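See below for the structure under consideration.
The values are calculated or read from the model by the stated rules, or taken from the named source; none is laboratory data. All figures in this text were calculated on a predicted structure; none of them were measured in a lab. Cβ placement follows ideal geometry from the backbone for every residue including glycine, while neighbour counts extend to all protein chains displayed. Please note that ligands, DNA and RNA were not included when accessible areas were found on the heavy atoms of the full protein model with its side chains. Shrake-Rupley method; radii C 1.70, N 1.55, O 1.52, S 1.80 Å.
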Amino acid sequence: MSPASLINAILVACMAGLFLGGCAQNADVRGGHDYTSGTTVKNPPDYLVCVQDELPSGSKVYLLNNSSAMDLYVDSTDPKKASGLVEVQGAGAQHKFTAYQRDAWYDRGRLLDAALLCART
């Protein structure tokens, strides 16, 4: 094997390793750039039911209640595996929401649109 072929083989192996390593990591859905936020006058359970109703009927949705917020996860309750997440928090007349969607381009941001639509109605 010539030195040039050896160098090319090493470069190809390094590039493949970097590519596969980059694809293997799956960041928290909240770390992406596909998100929206705002406020709603709906209480958190009603708001999240509205969002859920706007999703395709076969969507796997999980509603979780914690001390300070109520969350709707799509596909998984693990933020590193979930395809979407809507968080609602606050008390009184205004509730703050933030919606995150992984690969929003795939369905034109359906979860993000649902979050905004339900905040207004």
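When ASP53 is tested against (1) surrounded by 13 or more Cβ atoms within 10 Å (Cβ to Cβ); (2) more than 14 Å from the chain's Cα centre (by Cα), only condition (1) is not met. When GLY109 is tested against (1) within 10 Å of the chain's Cα centre (by Cα); (2) surrounded by 13 or more Cβ atoms within 10 Å (Cβ to Cβ), exactly one condition is not met: (1).
Residues in region 1-53 that are assigned to a loop (DSSP other than H, G, I, E, B), modelled with pLDDT of 70 or more and among the hydrophobic types (A, V, I, L, M, F, W, C): ALA27, VAL41. Screening region 56-80 for residues that are of a type in the set (D, E, K, R) and more than 22 Å from ARG108 (Cβ to Cβ) and picking the one that is nearest to the chain's Cα centre (by Cα) gives LYS80. Residue check: THR98 meets all listed conditions (1) surrounded by 21 or more Cβ atoms within 10 Å (Cβ to Cβ); (2) under 23 Å from ASN26 (Cβ atoms); (3) not aliphatic (A, V, I, L, M) but one, namely (1).
Scanning region 75-95 for residues that are among the β-branched types (Val, Ile, Thr) and either open to solvent by 90 Å² or more (accessible area, probe 1.4 Å) or under 13 Å from ARG30 (Cβ atoms) (or both) turns up just one, VAL86. Tell me which residues, restricted to region 56-66, are part of a loop (DSSP other than H, G, I, E, B) and surrounded by 11 or more Cβ atoms within 10 Å (Cβ to Cβ). If the condition is that a residue be part of a loop (DSSP other than H, G, I, E, B) and surrounded by 11 or more Cβ atoms within 10 Å (Cβ to Cβ), then SER59, LYS60 are the ones that fit. When region 30-47 is filtered for residues that are open to solvent by less than 80 Å² (accessible area, probe 1.4 Å) and out of contact with any helix residue (DSSP H, G or I) (no Cβ under 8 Å at 6 or more places or on another chain), the ones remaining, listed by number, are GLY31, GLY32, SER37, ASN43, PRO44, PRO45.
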